[in-house]
Amino acid sequence: MKKITIAAAVAVIAVAATAYASPYYTLHQIKTALAERNADALAAHVDFPALRASVKTQLEASMARSIEATAGSGNPLAALGQSIASAMLGKMVDTMVSPAGVVALVNKSAVSPQAEPNPDAPADGARKKADYSAGYAGLNTFIVRAKDGNAQEGALVLLRHGVWGWKLSSIEIASAMAAR
């Protein structure tokens, strides 16, 4: 009886540990897919409809703030311009945030020539390691936030899909970008 209890406790701990570590593993898979320029592997970890909605909402809000600041709320042409720009923005986001868009972006980065060499880059070709923090923001939400000096800028939001599955479902645009 004691062996069964111990085995059950070990099994519960193992399941809990793997469920807790699963977003970190998904993040590792995303980084590996990016490093290998494997668009199919990357697309498997993205919830495209949710990501499209997130990007559209943030860009439309940023555009509305920009139009409001430059044209003012009383200008009837500003509303017309905003509706036209919003329609164009929607089409652009739909195209870029899609499996085909990801494939195109990854393939373009794989074949595009490097810009002029950076004189500040290390001679051995080593890249500066990305500085970010990652952690749970709830039971079903995992956030990866880039750090820029002392301030944290931008974030990738992964949402749980099943017990161990996670998908990139939202991007929080950095405050500097959103302020434009």
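The values are calculated or read from the model by the stated rules, or taken from the named source; none is laboratory data. What you are looking at is a predicted structure, and each value in this text was computed from that prediction instead of being measured. Cβ coordinates were reconstructed from backbone atoms using ideal geometry, including for glycine residues, and neighbour counts include every protein chain displayed.
Give the range 81-102 a look and list any residue that's of a type in the set (Val, Ile, Thr) and surrounded by 15 or more Cβ atoms within 10 Å (Cβ to Cβ), or say none.
Residues satisfying the conditions are 93, 97, 102.
Condition test on residue 55, is it closer than 22 Å to residue 154 by Cβ, modelled with pLDDT under 75 and either surrounded by 11 or more Cβ atoms within 10 Å (Cβ to Cβ) or among the aromatic types (Phe, Trp, Tyr) (or both)?
Working: closer than 22 Å to residue 154 by Cβ: yes; modelled with pLDDT under 75: no; either surrounded by 11 or more Cβ atoms within 10 Å (Cβ to Cβ) or among the aromatic types (Phe, Trp, Tyr) (or both): yes.
The answer is no for residue 55.
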